[in-house]
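Peer 1: Before I ask anything, here is the structure I am working with.
The values are calculated or read from the model by the stated rules, or taken from the named source; none is laboratory data. As the structure is a computational prediction, the values presented were derived from the model and not from experiment. Cβ: placed from backbone, ideal geometry, glycine included. Neighbour counts: every protein chain shown.
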Amino acid sequence: MNDVAIIGVGIHPFGRFEGKTAMQMGTDAIRAALADAGLEWKEIQFAVGGSWEVANPDAIVGLMGLTGIPFTNVFNACATGASVTETCADSIRLGKHDIGIAIGLDKHPRGAFTVDPTLVGMPKWYGENGQYLTTQFFGMKANRYLNDHDISRETLAKVAAKNYRNGALNPNAFRRKPLSEQEILDAPILNYPLTHYMFCAPDEGAAAVIMCRADIAHRFTSKPVYVRAVEVRTRTYGAYEVNTTFAPVDEVASPSVFASRAAFESAGVSPEEIDVIQLQDTDAGAEVIHMAEAGFCADGDQEKLIADGATEIGGSMPVNTDGGLIANGEPIGASGLRQLHELVHQLRGTAGDRQVAGEPKAGFALLYGAPGTAGATVVTT
């Protein structure tokens, strides 16, 4: 079994780019990652790609160069990035290849994320009566969690305001204008308790990560970042997820809990050892919930931690230093690789104005995708 190192990362800015295809954005991200690693496309031995809108991301080889490499297409809703990362890392870990690239790209239309329920095994009427609109689900989930654990809506506003501030420091972010907590609270309510500015937006972008056998990483970089674990888990019966199955909702742990626990166990790293955290913040409530589900605090402790500034860039447990989904938006296929892009720069000490203090040595990323799939990644120096 080989250890796996990240030696190059690249990103195409997230936002809206009229006249530019997702494939073209993907090639920009690939070229940026190649330049970062000091490699040429012909040196890449295999690729893994993920996208929601692009049926065959492997077609990107027609733009990059027809070298004949194996290319695997992966899709796992918002957890696509973790699944792409795991597939790429495992091919190297198992000795099949020495150097590969993970790619994510998407170009979504404007508007709220919605899903055809028939695609995930639910009857058509489930969507026709409005139950499968994801913004409604996120609002109901946040409302229940805040009520159960005595967390205020003001805490949600603090989360969103923090992510907008961080996004303003990120030249690749979609939303780069800081918003005050009051502006966020005063915005139209989309699905109580969540206002317009507490949600991320579907948008466009791409990201790429180059990995290799750890023992050859020194050929390409003086600061490799090691992929210690990637774990993907799905929901169990009764879990309170977008698609709750046909079982009654019960106090059953989210797949985010199981994926996080498995990743920490596999990596031999505890939540207390993580220096930089990337959490799925499809909405501000999700970031609050995932803080506990990933093991960084107990349910209900978020209110004080956030009020005390623990999740700020200068805090004890910085979360979404690049602005997360709220500032970057979510081109689904690229979102998880954006998280890795940020973690790599943080662990290298090259995150610029977003750089956390000291010398961070461990990073964690969590993705959560409808209808209930989570992916957790641990990386270290």
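Peer 1: Among (1) surrounded by fewer than 24 Cβ atoms within 10 Å (Cβ to Cβ); (2) closer than 30 Å to ALA29 by Cβ; (3) among the polar types (S, T, N, Q); (4) at pLDDT 95 or above, which single condition is GLN280 missing?
Peer 2: Condition not satisfied by GLN280: (1).
Peer 1: Still on this model: Of the residues GLU303, GLU251, only one is at pLDDT below 95 and over 30 Å from THR381 (Cβ atoms); which?
Peer 2: Numbers: GLU303 fails: at pLDDT below 95.
Selected residue: GLU251, the only one of GLU303, GLU251 that is at pLDDT below 95 and over 30 Å from THR381 (Cβ atoms).
Peer 1: Another question, if that's okay. Those residues that are closer than 17 Å to PRO331 by Cα and charged (D, E, K, R), I need them from region 2-61; list them, please.
Peer 2: ARG16, GLU18, LYS20, ASP28, GLU53
Peer 1: Could you check region 324-352 and list, in sequence order, the residues that are buried (at least 24 other Cβ atoms within 10 Å of the Cβ), at positive phi and out of contact with any strand residue (DSSP E or B) (no Cβ under 6 Å at 6 or more places or on another chain)?
Peer 2: GLY324
Peer 1: For LYS162, are the conditions met, namely being within 21 Å of CYS297 (Cα to Cα), in contact with a helix residue (DSSP H, G or I) (Cβ under 6 Å, 6 or more places away or on another chain) and touching a residue at least 12 places away in the same chain (Cβ under 8 Å)? Quick ask: steps written out before the conclusion?
Peer 2: Values: within 21 Å of CYS297 (Cα to Cα): yes; in contact with a helix residue (DSSP H, G or I) (Cβ under 6 Å, 6 or more places away or on another chain): no; touching a residue at least 12 places away in the same chain (Cβ under 8 Å): yes.
No; evaluated as a whole, the condition is false for this residue.
Peer 1: Return the residue satisfying two criteria in turn: it lies in region 77-120 and is surrounded by fewer than 24 Cβ atoms within 10 Å (Cβ to Cβ) and touching a helix residue (DSSP H, G or I) at 6+ places or on another chain (Cβ under 6 Å), and of such residues it is modelled with the highest pLDDT.
Peer 2: Once the filter is applied, the top-ranked residue is HIS97.
Peer 1: In region 344-381, what count of residues is obtained for those that are part of a strand (DSSP E or B) and either over 28 Å from THR236 (Cβ atoms) or of a type in the set (Val, Ile, Thr) (or both)?
Peer 2: Selection size over region 344-381: 6.
Peer 1: When you go through GLY26, GLY15 one by one, which is the residue that is at pLDDT 95 or above, within 23 Å of ALA79 (Cβ to Cβ) and in contact with a strand residue (DSSP E or B) (Cβ under 6 Å, 6 or more places away or on another chain)? Before you say what the answer is, go through the steps one by one.
Peer 2: On the way: GLY15 fails: in contact with a strand residue (DSSP E or B) (Cβ under 6 Å, 6 or more places away or on another chain).
The conditions single out GLY26.
Peer 1: Next question, about the same structure. Among the residues of region 137-150, is any at pLDDT 95 or above, part of a loop (DSSP other than H, G, I, E, B), more than 21 Å from the chain's Cα centre (by Cα) and aliphatic (A, V, I, L, M)?
Peer 2: no
Peer 1: Another question, then. Starting from region 178-192, keep only residues that are in contact (Cβ under 8 Å) with a residue 24 or more places away in the chain and closer than 16 Å to VAL159 by Cα, then list their pairs with residues that are of a type in the set (Lys, Arg) and surrounded by 17 or more Cβ atoms within 10 Å (Cβ to Cβ) whose Cβ atoms are within a distance under 7 Å, requiring at least 6 positions of separation or different chains.
Peer 2: GLU181/LYS158; LEU185/ARG153
Peer 1: Of all residues being assigned to a loop (DSSP other than H, G, I, E, B) and β-branched (Val, Ile, Thr) in region 43-70, which is farthest from ILE99 (Cα to Cα)? Just the residue, please. Break it down stepwise before answering.
Peer 2: Step one: filter region 43-70 for residues assigned to a loop (DSSP other than H, G, I, E, B), giving 44-45, 51-56, 65-70.
Now drop any that are not β-branched (Val, Ile, Thr), which leaves 44, 54, 67, 69.
Numbers: ILE44: 6, VAL54: 24, THR67: 14, ILE69: 11 Å.
Going through the qualifying residues, I end up with VAL54.
Peer 1: Only one residue in GLY358, GLY295, GLY315 is surrounded by fewer than 19 Cβ atoms within 10 Å (Cβ to Cβ) and touching a residue at least 12 places away in the same chain (Cβ under 8 Å), so which one is that? Outline the logic, then answer.
Peer 2: Details: GLY295 fails: surrounded by fewer than 19 Cβ atoms within 10 Å (Cβ to Cβ); GLY315 fails: touching a residue at least 12 places away in the same chain (Cβ under 8 Å).
The unique qualifying residue is GLY358.
Peer 1: Just to be sure I understand, how many residues within region 31-53 are at positive phi and at pLDDT below 95?
Peer 2: Total satisfying the criteria: 0.
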